[in-house]
Amino acid sequence: MEKKSMLKIIMVLGVIACMTAVSPVLAADPQGLVRGGVLRLASASDAANYDSHMTTSGRTHSHTCAVFNGLVRTDPLKKEVSAENIVPDLAERWEISSDGKTYTFYLRKNVKFHDGHPFTAKDVKYSLDKFRDPKRSAFAANVAPITNIGIIDDYTLKIQLEYAYPDLLIFLCPPYASIYPEHLKDVSFKSTDILVGTGPFKFKSKVPGKVSIYERNPDYFIKGLPYLDRYEVYSLKFPAAVDAFIGGRLDCGPSMRAYLDSDRALVLKVQKHAPEAVIGLEPSGASRGAFFSFVHKGPWNDVRVRKAMAMVIDYRDLAIASYGGLEVNPVVGAGLFPFYQKGAWTKEEVDKAYGRDQSMSERIAVAKDLMSQAGYANGFALEAIVRSDEAFRKNVMLYCADVWKKSLNIDLSVTPLERSIFFPRRDTGEFDVVNDVANTMTGSSAIEFLGTFVSGETRNYGKWSNKEYDDLFEKVAREQDPQKRAELSRQAQAIFYKEIPYIVFEGAVYGTAWRPDLMTGPVKDLVMQPVFTNYVSVDRIWFKGTAERWTKTK
Amino acid sequence: MNKSLQKKEARMKKHIQRLGFFFRDEPLGTFGAVLFLIVLSMAIASPLWTEKSPTDVSIPNVFKPPSSEFWFGSDNLGRDVWSRFVYGSRTSLLVGLSSILLASVAGGILGIFSGLIGGKTDLIIQRIMDALLSMPAIVLAILIMAVLGTSVLNTILAIAVAYFPRINRLTRSTAISLRESLFVESAIVAGASKIRISIMHVAPNCIAPWLVYATALLGTAFLAEATLSFLGLGVPPPIPSWGRDLSENLTNFEFAPWLCIFPGLGITMAVFAANFLGDSMRNIFDPRLKKA
Amino acid sequence: MHHYIIKRLLWFFPVLLVTVTLLFFLIQVIPGDPIRAAFGDESPLSEEQIAALRVELGLDKSIMARYFDWLWDVMHLELGISFYTGSTVKEQILARTPVTVGLVTLSVFTMLILSVPCGVVSGYYHDKWPDWVLRFISILLISLPHFWIAVLAIIVMLTVRGYSISIEYINIFLNPIDAIKQLFLPAFIMALRPFGVGTRMVRSAILEIMEEDFIRTARSKGLVEKIVTRRHALPNALVPVVTFYGLETIIAIGAAVVMEGIFGIPGIGSLVVDAARSRDLYVLQGSILILLLFALFLNLIIDLLCAKLDPRIRYENE
Amino acid sequence: MDTILKIDQLKKYFPVTKGFFKHQIGNVKAVDGVSFTVEKGKTFGLVGESGCGKTTLGRCILQTIPPTGGKIIFDGEEIFYDSMTRQKILIAKMQAVFQDPYNSLNPRHRVRRIIAEPLVIQGHFNRHEINDRLLMLYGMVGLPEDIGERYPHMLSGGQQQRVCIARAMVVQPDFIVCDEPVSALDVSIRAQIINLLISLQKRTEVSYLFISHDLSVVHHISDIIAVMYLGKIVEISPKTDLYEKPMHPYTRVLLSAIPIPDPILEKKRVNVMAKGEVPSAVSIPSGCRFHPRCPEAMKKCSREEPVFREVTPGHWAQCHLLN
């Protein structure tokens, strides 16, 4: 599964009305709002652990998002996720010092963990210290500027930064930066005993390999919430999960993100057998593409060769190969940055940079010329490794092999590998070409997109290194002014598209489907965000109907 | 010269006559044999059956239904399903036949060896066989594929390991009953060494039951290959394999059913042929059933 | 008889030890990095995180140390923890075993109900048209890949009857009727292949028995043919039949491995396949061990039953 | 006259085990101290009911199973059980013909290959020598010349046994163990085979150990006859002596079982019957082994084992009645 698989569920869980610190939402309940019911979701398998700091996997987040809260959360009503659209969660309000280096958070009082322990600043300090420790967190790099977290009193907390860091609040949102109970710090994150949070649902029971059941937390700090009585996460793999959804046994798309977006056949299947279902597809912050290895020496180390290879790929054919041979998804398309992002290169600019703005025959002629300039007029051989458990990656590479063979006489062999062999090779650059995702966490910050290709970053699988690019990245991270920031990141992208350490194939799309009577708070429509930090809205979900199986039985 | 020619002719006639008997007595077996020959010829002479390559990607031709150009339609990358069908028989037969051959030779040799040696060696070998036999063959094969990783050779090995204890048991029990026979004692009296007895006397007499059993297992081996590939643990892409083609196209069934139907038919055909053949072999070689 | 039982029971342990040992060392040579396989899919782990996890999961110890740990743990029925799903293997197996047992039992039972009458008919009408038809059908059934049938069945049922596979976890011992509803389709498809084999098996057993002397005696006494078949032939064919159904039960476990994945049934079988795909060492070890125990135990029961049915077997072995 | 084989106190016990750990609870004393000698060019007949240990004795002599105790002196040399002895020393000198000719022949080999096998194993013959030898043998044992190309199942029972005899004769042995060579054959063929054996003996001076359960068969061919009961020899005597003056009651029982072709004599015959069946060799009766079944048993018989002694010259027996 790709990186942020949590999204699958998330988006469904969409949105909420404005959450001001003072006004309880119950009063704003519109007429006809129904309480009760069970929300049934699917996840590909049980969670490996309940440590949301350690993974971007929905297998973990679909559980933790119901049980834990963050300090702040993104505003689920707004499509754009940015530092300006952050709303309170466990913190009532916050202050930022004028130099941008000190954040003071004022926490909610009278919040209790599920076991009755009161929630205090201790818990926040414990959780965030863990979150920024590289040994205990996968996201430490994102909050690297934090130098100190100080407790002022039980309900006040001060975070010191090395330099002004405007994206800090984005990275402190759930589902990643969950606040865990300090008093359970010795409990293993693998155990369900750790599932003691402040969130809307309490852990009730778990049948391993089958289902985890959560029930309403009557003491949830927002009075009157959640609406649902129960929240159930089933471990169900494709294609059983799709069948179960079509049969009305699941309320919301199974782990479809990895399937619905890359396999149009599934979308058609859902549309055919469950026409009443709502299908949502949104671009995500991640992109898929081919990394070239700079650890392995080979013809591809020459930028002209990489350019020629990028040039001859036809975007539409590539998408057909990737999307299961059906019509191209309209929302697909991205460069290193998703196109909705401020400062992103547009699709036309990317095409121009890759030399794809001419006709195919012209492109082939130019590419051939580039190849002979580099001394590879007769082509060469190389190997692409792909994960064996996701067929669409193999299909994309088979398409590339075909195109490169026909136009540039490059022999590409595609080797599908088991995860346990694939990951170590990918992480150490032991490949010629690898098809994978340029990973981001929130999909909403230039730091994340550009950070993927900084020297020394673990996600920089090919170990590409460019001094100029690294310097520009530093500048982007420290730039306070959004306008200047966008300009700097455009310059960094220029280097990226010129050097081509990674050919962007497409922007990943997250898609899922849900039953039509799924509502969120007072808002009738689920607001799908291109990112998944709005995972957190389980507390606001309600059903219009209560039928256990929502599809019509024939 | 003339005489030997006549002899040859006479022998030829006899064989043809025997074949005639086979057709008459075993119509189902004949059907199986013919089907098997078809599959075999597809595997050996694949290029004669289809001109297209099974791996050629052609994006403009994705999901074409069966037509005069694409007999069995085309798949999600525009590859010709008919050529994948034909070349898939190659994988199936290669894996099935070699794994059974490997299992038969290894199981046979070890069976005769442990049956004749007896004693502690036999005891230890048979306890290991007990352990292997107690596991469903497909589970054993899955375990071995997990250990070795996916490749054609590993699939052959996995299936061979899964079935070799069965063949070992059979040849061992045959060898033990032969060990007690008078002609082996006669050979001992004639001064034959243990090795000579194994090779000249015991092994040739194990061949009939061994052959019958190996043929009976052949269908199972085809099925095992398909199952492993279906589970994503068999031969890796882009080598065409019926089992994997089937599992990779499950989601496309609704609008491109040919992608699921033809690979399934391929598997059924190969297994069907092998089973009929095995069934007839047993009828011919097992005198007890023949009498009945 | 007692000697035989004791002897047979005592054999159980060396076989078990060999099995456990083979299993452990087989699994240890799995290539690649299980930790990265389990945790590395969404975000790459740093070297220090991997080292920490290695220590946490006990993978830093020597292979012999881990072998003895494993033997010790097996004796205590502690089978380790899953890298991939976090639950203990024991917990997962306990939850999943009833499902697989239910599925396998149901399938063997279905097969039994179908194959015995068909086999008797086929044997009785030996070489007449019902025999040919049944023989053809049984070979056809043996040859059908059941995963293919399952996939087609789901789609056909979905289109025709609005069928959908059930996702509820139902324990067959607590709620048999619902469980049977849930498991019937997969069990029926699983029963097709052994039904083919079973029919042929019963057929040849009947043929063999009908040849034997006492049947001839019975015939010469003037009994009607039908009574011959019913009263004499069947009980005497029982030993090979018991052996056969026992072994088919073991094979059915193998079939369940495939079927559970397709129908989303949370049994041991789907656990094995998932673990094999994701290289989840302890789960693979544990779940296969359970299948093995299950199969060894079945073998034991078959042997004892046969010895009970046929005194010759136990005399030969005593 | 020279001795070809001397057996001295030969014993063969089979252990009886019980339980999981296979502790030994006793022995089957199949052969329990047997001594005799076989002269060159003569036939030594060995008679006894089935289960008395005669076949085991034959196997011990043939070195296909190891004896438990005693000595076997063959052609003046003591021989010990190991496969080398069998291969290097005995092959040319000692051969065997077994009861069931069909099962004695490897069904997958042609006759010529079967007969030539001992020569091939010896290894110092070329093809021509082997061919010549085979052709000569076919004539000797009365097989057609073209038989070499056939398979055993294409032959009649008599022919099969002739093939077995030819195989035994091919190395020109000094001694052949004939283990019930005719009992599986039709009565009409028996005489032919026995006559063949006799004629072969005349031509080649080979010695036979002729084992049979039937005194009437042994009568024709043997020079000296031994009667065996439960692992022991109870009477040894030259042929005529034994038939005319049987000394052991068991011998008399066996003799009385022979049907007499003349119906008048047959009617007059006194039928001496042994009571019961042969007891198990695991629990051998005390005293005289035959006493539980002996029609003339005395009190003494159950207590004391009689001595095996020479009653008249060359005629040995073991019975209290003879004292």
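Among residues of the range C:69-97 that are facing another protein chain (nearest Cβ under 7 Å), those with a Cβ under 6 angstrom from a residue that is polar (S, T, N, Q), sequence gap 6+ or separate chain, pair up as C:Ile81/C:Thr88; C:Tyr84/C:Ser278; C:Thr85/A:Ser45; C:Gly86/A:Asn49. Taking the stated definitions as given, is B:Trp82 modelled with pLDDT of 85 or more, open to solvent by 20 Å² or more (accessible area, probe 1.4 Å) and not hydroxyl-bearing (Ser, Thr, Tyr)? For B:Trp82, the condition - modelled with pLDDT of 85 or more, open to solvent by 20 Å² or more (accessible area, probe 1.4 Å) and not hydroxyl-bearing (Ser, Thr, Tyr) - is met. In the condition set (1) under 20 Å from the mean Cα position of the chain (by Cα); (2) buried (at least 20 other Cβ atoms within 10 Å of the Cβ); (3) free of Cβ contacts under 8 Å to residues at least 40 places away in the same chain, B:Cys260 is compliant with all but (1).
In the range A:345-371, the residues that are on the phi > 0 side of the Ramachandran plot reach residues that are β-branched (Val, Ile, Thr) with C-beta atoms within less than 7 angstrom, at least six apart or across chains, in these pairs: A:Gly355/A:Val366. What residue, among those in the range B:174-198 that are in a loop (DSSP other than H, G, I, E, B) and crowded, with 21+ Cβ neighbours inside 10 Å, is nearest to the chain's Cα centre (by Cα)? Taking the candidates together, the pick is B:Ala192.
Can you find a residue that is surrounded by fewer than 18 Cβ atoms within 10 Å (Cβ to Cβ), polar (S, T, N, Q) and either in contact with a Leu (Cβ under 6 Å, 6 or more places away or on another chain) or part of a loop (DSSP other than H, G, I, E, B) (or both) anywhere in the range A:88-97? Yes, the range A:88-97 has at least one match. Of the residues making up the range A:284-314, those that are part of a loop (DSSP other than H, G, I, E, B), open to solvent by less than 40 Å² (accessible area, probe 1.4 Å) and within 13 Å of A:Glu383 (Cβ to Cβ) are A:Ser293, A:Gly298.
Residues in the range A:172-221 that are more than 14 Å from chain C (Cβ to nearest Cβ) and open to solvent by less than 20 Å² (accessible area, probe 1.4 Å): how many? Total satisfying the criteria: 16. Selection of the range C:9-38 for residues being within 14 Å of chain A (Cβ to nearest Cβ) and of a type in the set (Val, Ile, Thr) yields C:Ile27, C:Val29, C:Ile30, C:Ile35. Note on the range A:98-128: residues that are outside any loop (DSSP other than H, G, I, E, B) and open to solvent by less than 40 Å² (accessible area, probe 1.4 Å) amount to 11.
Counting only residues that are of a type in the set (Lys, Arg) and open to solvent by less than 30 Å² (accessible area, probe 1.4 Å), the range D:183-235 holds 0 of them.
Restricting attention to the range A:53-96, the residues being more than 26 Å from A:Ile152 (Cα to Cα) and either modelled with pLDDT of 85 or more or among the hydrophobic types (A, V, I, L, M, F, W, C) (or both) number 8. Going by the structure shown, is B:Ile109 open to solvent by less than 30 Å² (accessible area, probe 1.4 Å), in a helix (DSSP H, G or I) and at pLDDT 85 or above? For B:Ile109, the condition - open to solvent by less than 30 Å² (accessible area, probe 1.4 Å), in a helix (DSSP H, G or I) and at pLDDT 85 or above - is not met. Among the conditions (1) surrounded by fewer than 23 Cβ atoms within 10 Å (Cβ to Cβ); (2) within 28 Å of A:Phe189 (Cβ to Cβ), C:Val89 misses just one, which is (1). Among residues of the range A:519-542 being in a strand (DSSP E or B) and at pLDDT below 75, the one that is most open to solvent (accessible area, probe 1.4 Å) is A:Val523.
Here the condition is being within 13 Å of chain D (Cβ to nearest Cβ) and out of contact with any strand residue (DSSP E or B) (no Cβ under 6 Å at 6 or more places or on another chain); of B:Asn249, B:Asn275, B:Asn205, it holds for B:Asn205 alone.
For (1) within 14 Å of chain A (Cβ to nearest Cβ); (2) in contact with a Lys or Arg (Cβ under 8 Å, 6 or more places away or on another chain); (3) open to solvent by less than 90 Å² (accessible area, probe 1.4 Å), each residue gets a yes or a no:
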site	(1), (2), (3)
B:Ile16	no, no, no
B:Leu19	no, no, no
B:Phe23	no, no, no
B:Pro27	no, no, yes
B:Leu35	no, no, yes
B:Ala43	no, yes, yes
B:Asn61	yes, no, yes
B:Lys64	yes, no, yes
B:Ser68	no, no, no
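The range A:182-250 holds strands (runs of 3 or more DSSP E) entirely within its bounds, and those carrying 3 or more residues that are in contact (Cβ under 8 Å) with a residue 60 or more places away in the chain and under 24 Å from the mean Cα position of the chain (by Cα) map to A:230-235. For the range C:271-289, name all the residues that are more than 7 Å from every other protein chain (Cβ to nearest Cβ), surrounded by 23 or more Cβ atoms within 10 Å (Cβ to Cβ) and out of contact with any Phe, Trp or Tyr (no Cβ under 9 Å at 6 or more places or on another chain). Listed by number, the residues that qualify are C:Gly286, C:Ser287. Kindly check whether there is at least one residue in the range B:80-87 that is within 23 Å of the chain's Cα centre (by Cα), among the β-branched types (Val, Ile, Thr), within 14 Å of another protein chain (Cβ to nearest Cβ) and in a helix (DSSP H, G or I). There is no residue in the range B:80-87 that is within 23 Å of the chain's Cα centre (by Cα), among the β-branched types (Val, Ile, Thr), within 14 Å of another protein chain (Cβ to nearest Cβ) and in a helix (DSSP H, G or I). What's the total number of residues in the range B:112-154 that are modelled with pLDDT under 85, at negative phi and open to solvent by 40 Å² or more (accessible area, probe 1.4 Å)? Selection size over the range B:112-154: 10.
Here B:Leu97 qualifies as at pLDDT 85 or above and open to solvent by 50 Å² or more (accessible area, probe 1.4 Å). Scan the range A:488-497 and tell me whether some residue there is in a helix (DSSP H, G or I), farther than 30 Å from B:Met145 by Cα and open to solvent by 50 Å² or more (accessible area, probe 1.4 Å). There is at least one residue in the range A:488-497 that is in a helix (DSSP H, G or I), farther than 30 Å from B:Met145 by Cα and open to solvent by 50 Å² or more (accessible area, probe 1.4 Å). So is D:Val171 in contact with a helix residue (DSSP H, G or I) (Cβ under 9 Å, 6 or more places away or on another chain), within 17 Å of D:Leu62 (Cβ to Cβ), touching a residue at least 40 places away in the same chain (Cβ under 8 Å) and open to solvent by 10 Å² or more (accessible area, probe 1.4 Å) or not? Criteria met by D:Val171.
If the Cβ limit is 9 Å and pairs must be 6+ apart or interchain, which residue in the range B:138-156 that is farther than 17 Å from B:Gly243 by Cα and within 12 Å of chain C (Cβ to nearest Cβ) pairs with which residue that is buried (at least 20 other Cβ atoms within 10 Å of the Cβ) and of a type in the set (Lys, Arg)? From residues that are farther than 17 Å from B:Gly243 by Cα and within 12 Å of chain C (Cβ to nearest Cβ), the pairs are B:Ala146/C:Arg277; B:Ala146/C:Arg279.
Of all residues in the range A:205-229, those satisfying the criterion of being farther than 20 Å from A:Ala44 by Cα and of a type outside the set (A, V, I, L, M, F, W, C) are A:Glu215, A:Arg216, A:Asn217, A:Pro218, A:Asp219, A:Tyr220, A:Lys223, A:Gly224, A:Pro226, A:Tyr227, A:Asp229.
The values are calculated or read from the model by the stated rules, or taken from the named source; none is laboratory data. Just so it is clear, the model here is predicted, and its values are computed rather than measured. Using ideal geometry, Cβ is built from the backbone for each residue, glycine included, and neighbour counts are taken over all protein chains shown. For accessibility, only protein heavy atoms count, side chains too; no ligands or nucleic acids. Shrake-Rupley method; radii C 1.70, N 1.55, O 1.52, S 1.80 Å.
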